[in-house]
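Worksheet: one structure, shown below.
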Amino acid sequence: MLSIPDLKPEKHYNAVGILTSGGDSSGMNPAIRSIVRAALNSGVKQVFGVRRGYQGLVSDDITLMSSRSVTNIVQKGGTVLKSARCPEFSDPSVRDVAARNLSSRGIEALVVIGGDGSLTGAHILCQEHGIPVIGLPGTIDNDIPGTDDTIGFDTAVNTAVEAIDRIRDTARSHERLFLVEVMGRNSGFIATQVGIACGAEMVVVPEYAFDFHDLCITLAERHSKGQGSSGIIVVAEGRDPDLTHRLAAQLKAQGQDPKISILGHIQRGGSPSGHDRMLASCLGTAAVEYLLAGYSDIMVGVHKGAIVDVPLQRVIEEKKVLDRKLFDIAALLHK
Ligand SMILES: Nc1ncnc2c1ncn2[C@@H]1O[C@H](COP(=O)(O)OP(=O)(O)O)[C@@H](O)[C@H]1O
Ligand SMILES: O=P(O)(O)OC[C@H]1O[C@](O)(COP(=O)(O)O)[C@@H](O)[C@@H]1O
Ligand SMILES: [Mg+2]
């Protein structure tokens with residue numbers, strides 16, 4: 001269970017906006033629902049939904065929301081507000097347009113649900129235009145500094161685990177080796193957690209070097225001992241789009257016959273897990289409470305079971321480290 005801080009309302013807002021931005025993640029909908037309802041039940045007169053992230057802020061695609069407009073979404077994947085990547089938002093003149101659109105509707109503060117890029121945009125908007133912002137970590141990657149968990153990570157991990165369990169069945173029947181690619185462009189949090197949960201023979205992540213030669217020897221030894229009835233190597237996609245295929249080619253050159261399975265966007269969809277619904281609902285409620293307590297330019301995250309506030313500046317400057325010990329467990333447990 002999460003512990004929620006006791007915050008006293010110090011400020012009044014007439015109108016608040018919400019947007020979801022960057023790669024979507026399961027749990028964004030329960031986050032939207034909780035922000036809308038917590039705000040309306042705490043005296044905020046109007047809550048506006050901005051469609052397609054910063055794109056909607058710039059094109060003025062903004063609609064009024066109500067308690068009823070978020071009914072029956074707590075269990076739905078994706079985001080009812082839609083999401084997008086809006087590279088133009090890095091341009092100050094484009095952000096001026098966004099700030100004008102907010103002001104023309106009387107929107108006094110913004111809650112942004114998204115990944116590291118989205119939170120960077122929120123921080124810059126706040127600094128440049130003095131608009132109070134609160135960020136929520138919404139990404140399957142769990143790569144956001146200052147929070148142990150992100151909305152959507154648990155669902156993505158569960159989806160990948162279920163898929164790999166199925167792959168393991170056929171891998172065992174045919175005594176095959178599989179390379180399974182999971183998402184994570186810059187980070188191996190999904191790969192590590194999935195690797196441990198599936199008993200993968202190996203996990204490849206962008207953060208730590210791995211010894212390919214060592215892998216080939218291990219596989220050959222296992223095979224000669226009759227232990228190699230199946231093998232799963234979990235590969236985080238990383239920045240190199242060909243990594244998994246190159247690994248397969250190298251394994252082939254060593255006499256292995258690996259199959260490739262790229263899980264891709266199935267990890268981004270689906271009904272949010274109970275864990276993600278709870279996380280999103282608590283973080284969304286806390287975001288409103290922090291806003292009304294006078295906070296701004298922060299992300300609301302989780303640390304050691306407690307809801308915490310983290311300056312967006314810190315979120316942007318730091319890099320979240322994948323615990324080496326956790327990564328090593330994956331290798332330890334299949335020996
Ligand atoms: N340096 C930046 N300045 C302003 N806006 C940014 C910046 N970086 C990202 N954004 C905005 O956030 C959006 C989402 O960022 P991205 O990194 O693609 O996804 P995520 O937020 O999921 O990490 C970008 O398309 C852009 O609109
Ligand atoms: O769907 P897209 O735009 O191809 O993006 C794929 C990327 O988005 C993610 O699913 C989520 O990343 P972000 O939360 O940073 O957007 C990454 O794991 C993946 O590399
Ligand atoms: Mg990101």
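Can you put Thr79, Thr218 in order of Cβ neighbours within 10 angstrom, beginning with the fewest?
Ascending number of Cβ neighbours within 10 Å: Thr218, Thr79.
Give me the tail of P(r) for the chain as a percent: Cα-Cα pairs with distance above 33 Å.
32
Show me 29-38, 236-245 ranked by packing, highest mean number of other Cβ atoms within 10 Å first.
Packing proxy ranking, top to bottom: 29-38, 236-245.
As I understand it, the value is the acute angle between the Cα axis of helix 28-40 and the longest principal axis of the Cα atoms of the chain; what does it come to in degrees, rounded to 10?
Between the helix axis and the principal axis of the chain, the angle is about 20 degrees.
Averaging sequence separations of C-alpha pairs under 8 Å and six or more residues apart, then dividing by the length of the chain, give the relative contact order as a whole percent.
RCO, the chain: 26 percent.
Spelling out what I want: for every residue of segment 121-127, take phi, set θ = phi - 60°, compute 6.51 cos²θ - 1.76 cosθ + 1.60 (Karplus), and round to whole Hz; glycine and proline get x.
x, 5, 4, 5, 4, 5, 5
Given the peptides 285-296, 311-322, arrange them by the average over their residues of other C-beta atoms within 10 Å, most packed first. Walk me through the intermediate numbers first.
On the way: 285-296: 21.6, 311-322: 15.4.
With the highest mean Cβ count within 10 Å placed first, the list reads 285-296, 311-322.
When only C-alpha pairs under 8 Å and at least 6 residues apart count, what is the relative contact order of segment 153-268, in percent? It would help to have the intermediate numbers written out before the result.
Numbers: 186 pairs, mean separation 47.1, N = 116.
This gives 41 percent for segment 153-268.
Among 43-53, 142-152, 266-276, how do they line up from the highest to the lowest mean number of other beta-carbon atoms within 10 Å?
Output ranking for 43-53, 142-152, 266-276: 142-152, 43-53, 266-276.
Long-range amide H contacts for Ile232: which residues qualify at under 5 Å (H placed 1.01 Å from N, peptide plane, sequence gap of 5 or more or a different chain)?
Answer set, sorted by chain and number: Phe178, Glu201, Met202.
In whole Hz, what ³J(HN,Hα) sequence does segment 267-275 give by Karplus (6.51, -1.76, 1.60; θ = phi - 60°), x for Gly and Pro?
Along segment 267-275, the couplings run 6, 8, x, x, 4, x, 5, x, 4 Hz.
Values quoted throughout were computed directly from the atomic coordinates according to the rules given, and no laboratory measurement underlies them. All figures in this text were calculated on a predicted structure; none of them were measured in a lab. For neighbour counting, all protein chains shown are included, and Cβ atoms are generated from backbone atoms with ideal geometry for every residue, glycine included.
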